[in-house]
Every structure is written in structure tokens, then in C-alpha cells.
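Structure first, then comments.
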Amino acid sequence: MSYRDALKSLTESVDGALAAVIMGYDGISIDEYMPGGLPFDPQLVAVEYANLLRDIRRTVDLLENGTMEEVAIATDRVRVLVRVINADFFLVLIMSSGGNFGKGRYLICRESLRLKGELG
């Protein structure tokens, strides 16, 4: 299955999911599934959160709390779930605020484990 197909399947399997992106910590997208008609630019969201994730990862490493696995950011409009794939890449699922957060967390975790095998 291609990355795009996996991202499409992830997005379409979660009620309220709007987009999914595989991205590097450098802010460069590996692949994405972003259906049209969204009220914001999901690519911009992912790029900006990449900067934040680098800072969070540095803090986690500094505090020696273990390895960062997941970050969730909730606003009144969207939920952004981020799951680490490996030291270079992470998976982002952007959902509406009323989306199925639990299912999103479960599926993004499952998909990140599968991608870990493919991306090394």
C-alpha cells in the first residue's frame, strides 16, 4: 500500500478526520492526504507543528523522561494528533473538534507502527 493510500484510509476511517500527513522534523512532507474544501491549510498546520515538536522532543530528551511517542493539540476548531514514527518522521492526523478522538488515537498509533517498519 502506498503512503497516500494509507493516509487516505486512515483519514476516511475516523469520523471527523480532515487530513493526514507523514512529515519529517525538518518540516518537509513525505506524503499527505488532504481532501479539498478545508477551512485552513493542513500543510501549514503540519509544518508549524513540526517546529513545536522539535522543541518538545528536545525538552523530553533534556529531562530524560524517555522517548516522545505522541502529542495531541486541541483547539475549539480542530484536534491535531501527532504520533512519532522514528527519529526522523512523524504522522499527523488533523480532525474536527467533534471527531472521534479515541478512534483517531488508536488508528494513528497502529499506522505509525506499520510505517516504522517501512521508513526504518
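Every read-out reported here was derived from the displayed coordinates using simple, explicitly stated rules and does not represent laboratory data. Owing to the predicted nature of the structure, the values given are computational and were not obtained by experimental measurement. As a convention, Cβ positions derive from the backbone with ideal geometry for all residues, glycine included, and neighbour counts pool all protein chains shown.
Some points to look at:
- Helix 3-13 and the longest principal axis of the Cα set of the chain meet at an angle near 60°.
- Per residue convex hull volume, Cα atoms of the chain, in Å³: 100 Å³
- Sites counted here are GluC sites (Glu not before Pro) in a DSSP loop (not H, G, I, E or B) having no more than 14 other Cβ atoms within 10 Å; the longest part of the chain that contains none of them is 1-63.
- Residue of Arg77, Arg54, Arg110 that the Gaussian network model of the chain assigns the largest fluctuation, springs spanning Cα pairs under 10 Å: Arg77
- Estimated distance in nm for a label pair at Leu119 and Asp31, the labels positioned 7 Å out from Cα along Cα-to-Cβ: 1.2 nm
- Choice from Ile73, Ile22, Ile85 showing the highest fluctuation, given a GNM over the chain with Cα pairs closer than 10 Å: Ile73
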